[in-house]
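What follows is one structure encoded as structure tokens, with my remarks underneath.
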Amino acid sequence: MEAQTGTGTEAGLTQWQRVADTFTAPSKTFEDIKRGNRSWWLPWVIYALASYVFFAAVSQKIGLQQVVDNQIRMNAKAQERLAQATPEQRQMQNKFALIFTRIAFLANPVLVLAGIALLSLGLLGTINFIFGGKAKYGSVISVWFYAGLPGIIKVVLGIVVIFAGMAPESFNAKNFSPTNLGAFLDPVDTNKALYALASSLDAVTIWTLVLLSIGVATVAGVKRSSGYIAVFGWWAIFVLIGVSWAAIMG
């Protein structure tokens, strides 16, 4: 069966074919998106299902209270605020932290959707106005969803690590998969800026950025080098902001 475009134009690959080609022949996926076949709901559904399986694994093997306790233990300022609070205030803060953590897990697919929609605007402006591309907003969003598919591997690895016998006390909700240098460092004793930088050097993230670079260059009709500069340039800015914030807050 052939997939129809999100705008009802030219027939092309099915979404399943685009998902498979993202891992085996990404250019085929992005060329298909360029032709106008911009449907992206399947990779989003796949990610949503994976994230809820991950949430179930965390709830069963780690426990949300332990997740909250671990995040406090890894944050010196949070520990300081908790130490200064009354028992009633601690109880209330813990209650809100549990609610927030649960909502964050449950709303994650929606937050990802909103984040991609927002970030695609910045990338669209960069590739079109700075590099002379002709990309459309819907094409950039579609490219982002397919380019993000390697993130499923990171989630699956996180689930494997949890069921492989990870000590609940060592679980880090912000860095749960051994795909970056930060995962092998102690988040408590390591310099916060160094830890943030090490966590940014993530193999799955780099893979996604490479795919995103190829995809956005394809749909914009510009050189791949322009795609790499646009994507990795924004990534470097966000890493710098994250490292600087960690240094200030650490």
Spot the failing condition for Asp186; the list is (1) modelled with pLDDT of 95 or more; (2) more than 29 Å from Leu124 (Cβ to Cβ), and only one is missed. (1)
Against the condition closer than 18 Å to Ser120 by Cβ and either at pLDDT 95 or above or of a type in the set (Phe, Trp, Tyr) (or both), how does Ser213 come out, does it pass? yes
Based on this model, can you work out whether Phe232 counts as without any contact (Cβ under 8 Å) to a residue 60 or more places away in the chain, under 17 Å from Leu123 (Cα atoms), part of a helix (DSSP H, G or I) and out of contact with any His (no Cβ under 9 Å at 6 or more places or on another chain)? yes
Only listed residue being over 16 Å from the mean Cα position of the chain (by Cα) and either within 27 Å of Ile130 (Cα to Cα) or touching a residue at least 40 places away in the same chain (Cβ under 8 Å) (or both), chosen from Asn172, Asn191: Asn191
For Leu209, state whether it is assigned to a helix (DSSP H, G or I), at negative phi and touching a helix residue (DSSP H, G or I) at 6+ places or on another chain (Cβ under 8 Å). yes
Residue list for region 154-184, restricted to those being of a type outside the set (Gly, Ala, Ser) and in contact with a helix residue (DSSP H, G or I) (Cβ under 6 Å, 6 or more places away or on another chain): Lys154, Val155, Ile159, Ile162, Pro168, Phe171, Asn175, Phe176, Thr179, Asn180, Leu181
Taking only pairs six or more apart or across chains, which ones have beta-carbon atoms under 8 Å, a first residue in region 114-141 that is basic (Lys, Arg), and a second residue that is surrounded by fewer than 18 Cβ atoms within 10 Å (Cβ to Cβ)? Lys134/Gly221
If you scan region 24-41, which residues turn out to be in a helix (DSSP H, G or I) and under 21 Å from Leu113 (Cα atoms)? Thr29, Phe30, Ile33, Lys34, Trp41
Among residues of region 204-242 being within 17 Å of the chain's Cα centre (by Cα), surrounded by 14 or more Cβ atoms within 10 Å (Cβ to Cβ) and aliphatic (A, V, I, L, M), the residue nearest to Ile152 (Cα to Cα) is Val204
I'm told Asn180 meets every condition in (1) buried (at least 19 other Cβ atoms within 10 Å of the Cβ); (2) within 20 Å of Lys77 (Cβ to Cβ) except one. Can you identify the failing condition by its number? (2)
Examine region 30-43 for a residue that is of a type in the set (Val, Ile, Thr) and more than 17 Å from the chain's Cα centre (by Cα), and state whether such a residue exists. yes
Set Ala247, Ala198: member being in a helix (DSSP H, G or I) and modelled with pLDDT under 95: Ala247
Taking the stated definitions as given, is Lys61 charged (D, E, K, R), assigned to a helix (DSSP H, G or I), more than 20 Å from Gly151 (Cβ to Cβ) and at pLDDT below 95? no
Here is a check on your reading of the model: is Pro178 touching a Leu at 6+ places or on another chain (Cβ under 9 Å), of a type outside the set (A, V, I, L, M) and part of a loop (DSSP other than H, G, I, E, B)? yes
Say we look at region 22-76 and pick out the residues that are over 30 Å from Pro187 (Cβ atoms) and free of Cβ contacts under 8 Å to residues at least 24 places away in the same chain; which of these is surrounded by the most Cβ atoms within 10 Å (Cβ to Cβ)? Asp32
Among the numbered conditions (1) under 22 Å from Ala20 (Cβ atoms); (2) touching a residue at least 60 places away in the same chain (Cβ under 8 Å); (3) touching a Pro at 6+ places or on another chain (Cβ under 8 Å), tell me where Leu157 comes up short. (2)
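The values are calculated or read from the model by the stated rules, or taken from the named source; none is laboratory data. Keep in mind that what you see is a predicted model, and the values were worked out from it rather than measured. Note that each Cβ is placed from the backbone with ideal geometry, even for glycine, and that neighbours are counted across all protein chains shown.
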